[in-house]
1. Show me the ranking of peptides 30-36, 56-62 by mean Cβ neighbours inside 10 Å, starting with the highest.
2. If the chain between residue 68 and residue 93 were fully stretched, how many nm would it gain, using 0.36 nm times the residue separation less the Cα-Cα distance?
3. Please give the FRET efficiency for residue 29 paired with residue 51, using the beta carbon to beta carbon distance and R0 = 22 Å, rounded to the nearest 0.05.
4. Compare the peptides 12-23, 64-75 by average per-residue count of other Cβ atoms within 10 angstrom and give them in order, highest first.
5. Report the Cys residues of the chain lacking a disulfide-compatible partner, meaning no second Cys Cβ under 4.7 Å from their Cβ.
6. Using 1/(1 + (r/R0)^6) with R0 = 25 angstrom and r between the beta carbons of residue 83 and residue 58, what's the FRET efficiency to the nearest 0.05?
Amino acid sequence: MIKVVEFIRSRQIDSYQKLRVLIFFYDHADSSWSSRQIATRLYLGEGSFLEEIIADLQAAGLLNCSAQRCRLGDEVEINADLEHLIKTCENPLARQGVLNGLNRRSVVSGR
């Protein structure tokens, strides 16, 4: 679990929505997506909030974006850490621990 926490901190995954978008890209790693497509698939309203999430994930090195389309980055080390995060979130108790940690960080950061 420590590795997951470090990954979340180092990549500034500070909200449930950001984690949800990241998992979406992981689940669809072979495709690129526009923000409109992501908003439709994840039922996240379009607009500045989703654009901010995408920009944050891109700045953290998790997404590659060009021509209004994004896809999951392809760095081996990042993908191994992301895979570990995803597997951790498959366990309901571990997932709740991750979400509780995100909630605490969201309250502190004001998100």
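1. Working: 30-36: 14.6, 56-62: 17.1.
Per-residue Cβ counts within 10 Å, averaged per peptide and sorted highest first, yield 56-62, 30-36.
2. Values: separation 25, 0.36 × 25 = 9.00 nm, distance 3.65 nm.
Here the answer is 5.3 nm.
3. Working: r = 21 Å, r/R0 = 0.96.
In this case the efficiency is close to 0.55.
4. Details: 12-23: 19.2, 64-75: 14.4.
Per-residue Cβ counts within 10 Å, averaged per peptide and sorted highest first, yield 12-23, 64-75.
5. Singleton cysteines: 89.
6. That pair, residue 83 with residue 58, gives E of 0.80.
Readers should treat all values here as calculations from the given coordinates under stated rules, not as data from a laboratory. Remember, predicted model here, so these are calculated numbers, not experimental data. Using ideal geometry, Cβ is built from the backbone for each residue, glycine included, and neighbour counts are taken over all protein chains shown.
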